[in-house]
């Protein structure tokens, strides 16, 4: 089975505190990306990459496996709560919600996707540009329900979160069957992806978006799966992948500077998780964690999705002791820490 989706996350705080609600100027959170922010859209498409079964969601309200790749909530949920909007951001394809729910927050993300269409093809998930089509459909419904003026106000004042990119490298470029590695050098592929990110943000801007958070990629060589496959080096982090992540984040920063100059009225920020997440991974006890090399679910070495199921006898009892929930995705506690930090340190200008 191909390597599955992993998060393009956010950040951390020194201690775990409840995310503080703030009277915000932002009326809605609108989300694009991969499994780091997918609230369950993959439940409704034909793909093996799903998490709508136990033990996923065991610490979510009601113990429900919603399709979030976590034992509980994910960053957009905590960010939405911090902005005083609502405690969860629903998936657009979830039929139990309608436009009244989506008006204050909606998620178009699909686990396993990337900037590159070839990445979404690997596990038959929703390509980034199809996420944009769903967003256009959402705009029509919003205008039909609220009227042109109010809908446009919501769309222009909403905070748009983008979190993706890691799958392009670990699920596409670095796999044995990749068509991209013979076609591009690593640096060329980074620039190719950054170019797609720029086109996507420019298209969002043309559709009315003004407040946008572009997520960087994490130290992806330190994810439990990568450590597992690096046994000859003592299960250390794969430094080659970490270097690629740092370089790619640098190119995304260049893009942010460029677009802030070129697009009048846009407020675009880069949420670069790399160094702070590395500190969590290198000093887990400082943040209240006991385990970082392996994840909570199953053996914690290579499982996610269907390999992380309720019948595996090895799943841990207390997920809060683990930085990672499965071999790719952080635990709810990690999500809360990083979300609190990103709100206070990177999204403050949108308050």
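The values are calculated or read from the model by the stated rules, or taken from the named source; none is laboratory data. Every value quoted in this text rests on a predicted model; they were computed, and no experiment measured them. Don't worry about glycine lacking a Cβ; one is built from the backbone with ideal geometry, like all the others, and counts go over all protein chains shown.
How many residues are surrounded by 20 or more Cβ atoms within 10 Å (Cβ to Cβ) and touching a strand residue (DSSP E or B) at 6+ places or on another chain (Cβ under 8 Å) when one looks only at segment 337-349?
Result for segment 337-349: 3.
Do we find a residue being over 26 Å from residue 283 (Cα atoms), surrounded by 21 or more Cβ atoms within 10 Å (Cβ to Cβ) and modelled with pLDDT of 95 or more anywhere in segment 238-254?
Checking segment 238-254: at least one residue is over 26 Å from residue 283 (Cα atoms), surrounded by 21 or more Cβ atoms within 10 Å (Cβ to Cβ) and modelled with pLDDT of 95 or more.
Considering only residues that are part of a strand (DSSP E or B) and farther than 22 Å from residue 239 by Cβ, which ones fall in segment 275-295?
The answer is none; no residue qualifies.
Taking residue 293 as meeting all but one of (1) buried (at least 22 other Cβ atoms within 10 Å of the Cβ); (2) under 19 Å from residue 228 (Cβ atoms), write down the number of the exception.
All conditions pass for residue 293, except number (1).
Kindly evaluate residue 138 against the criterion of being in contact with a strand residue (DSSP E or B) (Cβ under 7 Å, 6 or more places away or on another chain), surrounded by 18 or more Cβ atoms within 10 Å (Cβ to Cβ), more than 16 Å from residue 49 (Cβ to Cβ) and at pLDDT 95 or above.
Taking the combined requirement at face value, the residue satisfies it.
Need the failing condition index for residue 170 against (1) under 20 Å from the mean Cα position of the chain (by Cα); (2) closer than 25 Å to residue 79 by Cα, just the number.
It fails just one condition, (2).
What number of residues within segment 296-336 satisfy the criterion of being in contact with a strand residue (DSSP E or B) (Cβ under 9 Å, 6 or more places away or on another chain), buried (at least 24 other Cβ atoms within 10 Å of the Cβ) and not in a loop (DSSP other than H, G, I, E, B)?
Here the count works out to 4.
Just wondering, is there one or more residues in segment 276-289 that are within 19 Å of residue 60 (Cα to Cα) and out of contact with any strand residue (DSSP E or B) (no Cβ under 7 Å at 6 or more places or on another chain)?
no
Out of 203, 187, report the one residue that is within 20 Å of residue 238 (Cα to Cα) and either crowded, with 22+ Cβ neighbours inside 10 Å or touching a residue at least 60 places away in the same chain (Cβ under 8 Å) (or both).
Testing whether each residue is within 20 Å of residue 238 (Cα to Cα) and either crowded, with 22+ Cβ neighbours inside 10 Å or touching a residue at least 60 places away in the same chain (Cβ under 8 Å) (or both) leaves just 187.
Looking only at segment 262-272, which residues are within 18 Å of the chain's Cα centre (by Cα) and in a loop (DSSP other than H, G, I, E, B)?
Scanning segment 262-272 gives a single hit, 272.
May I ask you to list the residues in segment 206-226 that are buried (at least 19 other Cβ atoms within 10 Å of the Cβ) and more than 30 Å from residue 325 (Cα to Cα)?
209, 210, 211, listed by residue number.
Could you tell me which of the residues 259, 214, 252, 207 is closer than 18 Å to residue 271 by Cβ and more than 21 Å from the chain's Cα centre (by Cα)?
Of the residues listed, the single one that is closer than 18 Å to residue 271 by Cβ and more than 21 Å from the chain's Cα centre (by Cα) is 259.
Looking at segment 251-266 only, could you name the residues that are under 16 Å from residue 168 (Cβ atoms) and out of contact with any strand residue (DSSP E or B) (no Cβ under 6 Å at 6 or more places or on another chain)?
Of everything in segment 251-266, those that are under 16 Å from residue 168 (Cβ atoms) and out of contact with any strand residue (DSSP E or B) (no Cβ under 6 Å at 6 or more places or on another chain) turn out to be 251, 255.
Is it true that some residue in segment 107-125 is over 17 Å from residue 180 (Cβ atoms), surrounded by fewer than 18 Cβ atoms within 10 Å (Cβ to Cβ) and at pLDDT 95 or above?
Yes, because at least one residue in segment 107-125 is over 17 Å from residue 180 (Cβ atoms), surrounded by fewer than 18 Cβ atoms within 10 Å (Cβ to Cβ) and at pLDDT 95 or above.
So, in segment 173-184, exactly how many residues are farther than 15 Å from residue 229 by Cβ and more than 20 Å from the chain's Cα centre (by Cα)?
Final tally of qualifying residues: 8.
Counting just the residues of segment 64-86 that are over 17 Å from residue 342 (Cβ atoms), over 17 Å from the mean Cα position of the chain (by Cα) and modelled with pLDDT of 95 or more, which one comes out surrounded by the fewest Cβ atoms within 10 Å (Cβ to Cβ)?
86
Determine the pairs where a residue that is on the phi > 0 side of the Ramachandran plot and touching a residue at least 24 places away in the same chain (Cβ under 8 Å), located within segment 39-68, has a partner that is outside any loop (DSSP other than H, G, I, E, B) and surrounded by fewer than 18 Cβ atoms within 10 Å (Cβ to Cβ) with Cβ atoms under 9 Å apart, the partner being 6 or more residues away or on another chain.
What qualifies is 67/44.
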